[in-house]
1. I'm trying to understand the selection: among the residues of region 179-223, which are within 23 Å of residue 297 (Cβ to Cβ), small (Gly, Ala, Ser) and touching a strand residue (DSSP E or B) at 6+ places or on another chain (Cβ under 7 Å)?
2. Are there strands (runs of 3 or more DSSP E) fully within region 178-294 with at least 3 residues that are within 12 Å of the chain's Cα centre (by Cα)? List them.
3. When residues of region 295-354 are filtered for being of a type in the set (D, E, K, R) and assigned to a strand (DSSP E or B), how many remain?
4. If a residue must be β-branched (Val, Ile, Thr) and in a loop (DSSP other than H, G, I, E, B), how many such residues does region 72-95 contain?
5. Inside region 174-223, can you point out the residues that are of a type in the set (Ser, Thr, Tyr) and surrounded by fewer than 22 Cβ atoms within 10 Å (Cβ to Cβ)?
6. Failed condition for residue 11, given (1) buried (at least 17 other Cβ atoms within 10 Å of the Cβ); (2) of a type outside the set (S, T, N, Q); (3) in a helix (DSSP H, G or I); (4) at pLDDT 95 or above, with all others met?
7. Within region 110-141, count every residue that is farther than 25 Å from residue 174 by Cα and part of a helix (DSSP H, G or I).
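The values are calculated or read from the model by the stated rules, or taken from the named source; none is laboratory data. Just so we're clear, the structure is a prediction, and the values are computed from it rather than from any experiment. Here the Cβ positions follow ideal geometry from the backbone for every residue, glycine too, while neighbour counts run over all protein chains shown.
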Amino acid sequence: MNLTRRAMLAVAGAALIPGRAVAAPGSRVAVAQCPDYGRSLMPALSRMFDQLGGLEKLVRGKTVAMKVNLTGSPTYRLGYVALESTHYTHPAVIGVTAHLMGRAGARRIRILESPWSTAGPIEEYVLQANWEPDEILKAAPKVEFVNTNWGGPKMKYSRFMTPNGGHIYPGFDLHPAYEECDVFVSVAKMKDHVTAGITLSMKNCFGITPCTIYGAGAGADAPSLTPTGGRGMFHDGLRQPSKSSPQERSHNVPKDGGSRVPRIVADIVAARPIHLAIVEAVETMAGGEGPWTGPGLRVVSPKVLVAGLNPVATDAVCMRLMNYDPMAQRGTAPFETCDNTLALAEQHGVGTRDPNQIEVVGATIEQAKFNFAALREEKKKLIGRRRRG
C-alpha cells in the first residue's frame, strides 16, 4: 500500500525527534546493494541517509551514541574467518557512519558496547579482533569508545522506564552514556539467532544492559564493581537484577529464552528509543548469531545494507530481505521456538512491522533478497541427520 505524502511527512517528522518512541502508521526504510566494504560503502550509506531525509537534521550539533555489535569474545571465530565477516559489526561500517555523521555536524560521537566479561577499554578489546581502533577514532572529530558493561569510574547508572510497565521489566538501569546522548543509533549485523529467531537492530540493544546488574556475577543488593558472565537471568529468570534496580514485574511469561528474550528486547527498545537503525550484511553468517551456536553455520555475502528511522519497520524490512515474514507467529520460521520480537515491540507502540505500512526506498526487496530461510532449512536437516546418525 502506498502512503499518502501527508502521512509520510508526519512519520518522518515524528521519527526525527530524539527521545520519542515512534508509534507510527508507517515508516520509510532505505535498502542498498553494496558489493564490498571498500569504495562502495560510503556512497551507499550516504545515499541511504539522504533517502531518509538527511543526517544533518538528525545529528547537527548533537551528541550521537552508536551501539555496535561485538558479541562474544574475540577468540570465538568461525574457522579462520575475520569476526567482522561473520558476527561483529564491520569496522568499516562503524567508521564510515561516524565519518558521515561528523560531516553532517555531529558535535560528539560515542561508540558504545558491553564486551564480554570486561570493564576494560573497548580499544583493547577490538585490538584482539585485529582491528585498528584509530581508524574509527579518527573518522570524525570527537569520536570515543565507551564500555557500557558497567557504571563507569563513578559507578553511576541512568534509569529508563518502560512504557505501560513493560512485558517483563518496568525499567532498566544503564550506563549514563545512554542518557547523555541526543541521538541513539543501533548499528547491527543481519543474522539468524538461536533463541530469538533473528538478531537485527532491536536485538542488538540486548547488549546495552550492564552485566554488573544483569550478569551472572551481578551483586545481589547493588551492582558489582566489575561485569562477570552473560545475561542468563534474561533467558531463564532464575534470579533478579541487583535489588537497587527495577525488578521483574509479576507476569505469567514462561521461564524459557524463547518467551523471555523477545519480550525483554521489546522492553529495552521501548525504554531507550532508537532514532536511527542501521543493519549491515555485506558479509555475515547464516544459521546463528555466533560461532558458538553449533553445526550448520555458514559464511554468506548478501551484499546488502538497510537503514531506517524506526527500528521495528527497519527490522521488518530486514526479515523480508532474509526471506522471512515479519508477521510470522511462534511456531513459524524464524520463530519456531520463540515469540516475535517485532510484534512485542509493536505492542509497546514502538513502530509497525506490517509491510503494507512501510515504504521501501532504494533497492527493492526482490533485488536485494538473500535466502536465509532456505539455509535455515538446510541447517535443520543437517542437525536431524547428525542426531539420527
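1. 188, 201, 207
2. Hits in region 178-294: 183-189, 276-281.
3. Total meeting the criteria: 1.
4. Here is the first cut: in region 72-95, the ones β-branched (Val, Ile, Thr) are 75, 81, 86, 89, 93-94.
Next cut, in a loop (DSSP other than H, G, I, E, B) only: 75, 81, 86, 89.
Number of matching residues: 4.
5. Going through region 174-223, the residues of a type in the set (Ser, Thr, Tyr) turn out to be 178, 186, 195, 199, 201, 209, 212, 214.
Correct list: 195 only.
6. Unmet condition: (4).
7. Summing the residues that are farther than 25 Å from residue 174 by Cα and part of a helix (DSSP H, G or I) in region 110-141 gives 3.
This table checks each residue for (1) crowded, with 18+ Cβ neighbours inside 10 Å; (2) in contact with a Phe, Trp or Tyr (Cβ under 7 Å, 6 or more places away or on another chain); (3) within 28 Å of residue 73 (Cα to Cα).
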| site | (1), (2), (3) |
| --- | --- |
| 289 | yes, no, yes |
| 294 | no, no, yes |
| 299 | no, no, yes |
| 302 | yes, yes, yes |
| 309 | yes, no, no |
| 314 | yes, no, yes |
| 321 | yes, yes, no |
| 332 | no, no, no |
| 346 | yes, no, no |
